[in-house]
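Asks: Got a structure for you, questions after.
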Amino acid sequence: MKKHIALVPGDGIGVDIVSEAVKVLDRLAKKFGHEFTYTSYLAGGCAIDATGKPLPEETLKGCQESDSVLLGAVGGPAWDKLPSNLRPEKALLGLRGGMGLFCNLRPAILYKQLAGACPLKAEIVGEGLDIMVVRELTGGIYFGQRGRDENGAYDTMSYTVSEIERIVRKGFETAQKRKKRLCSVDKANILNSSQLWREIVGRLAPDYPDVVVNHLYVDNAAMQLVRNPRQFDVIVTENMFGDILSDEASQITGSIGMLPSASLREDGFGMYEPIHGSAPDLAGKNVANPIATILSVGMMMRYTFGLPKEADAIEEAVSKVLDASYRTADIYTEGMKLVGTKEMGDLIAQAL
Ligand code: IPM
Ligand code: MG
């Protein structure tokens, strides 16, 4: 298969981890007889410095014309004082919105090798955790009307019926391929958009009779994630709730450095990125964990390129390296072998 991949390393450790993911892509191409080519684009703080804009037109166009996009992370203290529409984070929203990537899949899996890095008690975690957060990504408060004047500031959480329907359907379809349990998270005791969300989940449920559905308010869901995370299979929720709950879910799987994500359009086109940020204090020091980005490459194989064997191979390679006790600092526990970003990338590429 010949594929052209747009690389958007961004800022901070984004640069460190995307290079490791490319190592793995190259190794994968060799092993399975594919040809992957790449073009790198600027987005985020580095783009502001070079062009004055967080998301240059050329970047969005290049990504749109590629077969898939691999993104690192954006942001950093150097750009923190800028107004929200000029900040590096705006690049991410521009890419997600601009390419219509409404469906964000964030798998939170606790690898058995990392049980010791999970902050929850062993009896709470039991056999392990495997939760899929399906986050709406192009609507809600991130994209609603906003403003600021001398009296105050406001942001609006608004959703259309069709925006809710398409993501809720993705939630049901995802549950059908897994343990067939869907938890819809909202704040329907307060928010109009959540009341509509809950109505739509109820209306679509009969189309998926094999899926058991429940509803949780987001505050309760946050508590349940640490009280009894094993109750969850698939969580479907709106943009900001999904942002918050996926960080929480990541921590119970040992480290946010382990969580990949896919941001998908209806036709399967997607952008892939770790869910963590740019960690400016770690940038360039060869300490960041590249596994979330490498696993994101696995998701690219599975969801956009339709190459499940290649995806499995990446996941197995990661597992093998963890079996051999190699750990970056964020997942390090006593007795393990501490390695840097580059060594972890090399080890995973070799394991392939
Ligand atoms: C994420 C990040 C982004 C988000 C930020 C960097 C805009 O936290 O991908 O989870 O809020 O979506
Ligand atoms: Mg986030």
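Asks: I'm told F36 meets every condition in (1) surrounded by fewer than 24 Cβ atoms within 10 Å (Cβ to Cβ); (2) in a loop (DSSP other than H, G, I, E, B) except one. Can you identify the failing condition by its number?
Replies: Among (1) surrounded by fewer than 24 Cβ atoms within 10 Å (Cβ to Cβ); (2) in a loop (DSSP other than H, G, I, E, B), the lone unmet condition for F36 is (2).
Condition check ((1) among the hydrophobic types (A, V, I, L, M, F, W, C); (2) not in a loop (DSSP other than H, G, I, E, B)) across all residues:
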residue: K81; (1), (2): no, no
residue: G100; (1), (2): no, no
residue: N104; (1), (2): no, yes
residue: L114; (1), (2): yes, yes
residue: R135; (1), (2): no, yes
residue: I141; (1), (2): yes, yes
residue: G147; (1), (2): no, yes
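Asks: Report, ordered by the first and then the second residue, all pairs with beta carbons closer than 7 Å, sequence separation of six or more or different chains, a first member in the stretch 121-141 that is of a type in the set (S, T, Y), and a second member that is surrounded by fewer than 24 Cβ atoms within 10 Å (Cβ to Cβ).
Replies: T138/R96; T138/G97; T138/G100; T138/L101; T138/F102
Asks: Kindly provide the set of residues from the stretch 242-263 that are over 27 Å from G116 (Cβ atoms) and either open to solvent by less than 20 Å² (accessible area, probe 1.4 Å) or away from ligand 1 (no atom under 16 Å from the Cβ) (or both), ordered by number.
Replies: G242, A262, S263
Asks: If you scan the stretch 132-166, which residues turn out to be open to solvent by 30 Å² or more (accessible area, probe 1.4 Å) and either closer than 14 Å to C103 by Cβ or aliphatic (A, V, I, L, M) (or both)?
Replies: I141, A153, M157, V161, S162, E163, E165, R166
Asks: Whether any residue in the stretch 292-304 is modelled with pLDDT under 95 and either assigned to a helix (DSSP H, G or I) or crowded, with 22+ Cβ neighbours inside 10 Å (or both) is what I want to check.
Replies: Checked against the condition, which is being modelled with pLDDT under 95 and either assigned to a helix (DSSP H, G or I) or crowded, with 22+ Cβ neighbours inside 10 Å (or both), the stretch 292-304 yields no hits at all.
Asks: Among the numbered criteria (1) out of contact with any Lys or Arg (no Cβ under 6 Å at 6 or more places or on another chain); (2) open to solvent by 10 Å² or more (accessible area, probe 1.4 Å); (3) at pLDDT 95 or above, which single criterion is violated by S325?
Replies: (1)
Asks: So, one more: Please count how many residues of the stretch 220-241 are open to solvent by less than 10 Å² (accessible area, probe 1.4 Å), within 14 Å of ligand 1 (Cβ to nearest atom) and over 13 Å from the mean Cα position of the chain (by Cα).
Replies: Final tally of qualifying residues: 2.
Asks: What residue, among those in the stretch 93-115 that are within 20 Å of M258 (Cβ to Cβ) and under 13 Å from the mean Cα position of the chain (by Cα), is farthest from ligand 1 (Cβ to nearest atom)?
Replies: I109
Asks: Going by the conditions given, is N192 without any contact (Cβ under 8 Å) to a residue 40 or more places away in the chain and either away from ligand 2 (no atom under 16 Å from the Cβ) or buried (at least 16 other Cβ atoms within 10 Å of the Cβ) (or both)?
Replies: Considered against the rule, which asks whether it is without any contact (Cβ under 8 Å) to a residue 40 or more places away in the chain and either away from ligand 2 (no atom under 16 Å from the Cβ) or buried (at least 16 other Cβ atoms within 10 Å of the Cβ) (or both), N192 comes out as yes.
Asks: Sort out which residues of the stretch 63-98 are within 16 Å of ligand 2 (Cβ to nearest atom), of a type in the set (A, V, I, L, M, F, W, C) and surrounded by fewer than 24 Cβ atoms within 10 Å (Cβ to Cβ), and write them in order of number.
Replies: The one that is within 16 Å of ligand 2 (Cβ to nearest atom), of a type in the set (A, V, I, L, M, F, W, C) and surrounded by fewer than 24 Cβ atoms within 10 Å (Cβ to Cβ): L93.
Asks: Looking only at the stretch 254-287, which residues are in a loop (DSSP other than H, G, I, E, B) and within 16 Å of ligand 2 (Cβ to nearest atom)?
Replies: S255, L259, I275, H276, G277, S278, A279
Asks: Given the criterion within 28 Å of L347 (Cα to Cα) and in contact (Cβ under 8 Å) with a residue 40 or more places away in the chain, identify the matching residue among K2, K31.
Replies: Sole residue among the options that is within 28 Å of L347 (Cα to Cα) and in contact (Cβ under 8 Å) with a residue 40 or more places away in the chain: K31.
The values are calculated or read from the model by the stated rules, or taken from the named source; none is laboratory data. From a predicted model like this one, the values you see are computed outputs, not experimental measurements. Neighbour counts are summed over all protein chains in view; Cβ atoms, including those assigned to glycine, are modelled from backbone coordinates with ideal geometry. Keep in mind that these areas ignore ligands, DNA and RNA; they rest on the heavy atoms of the full protein, side chains included. Shrake-Rupley method; radii C 1.70, N 1.55, O 1.52, S 1.80 Å.
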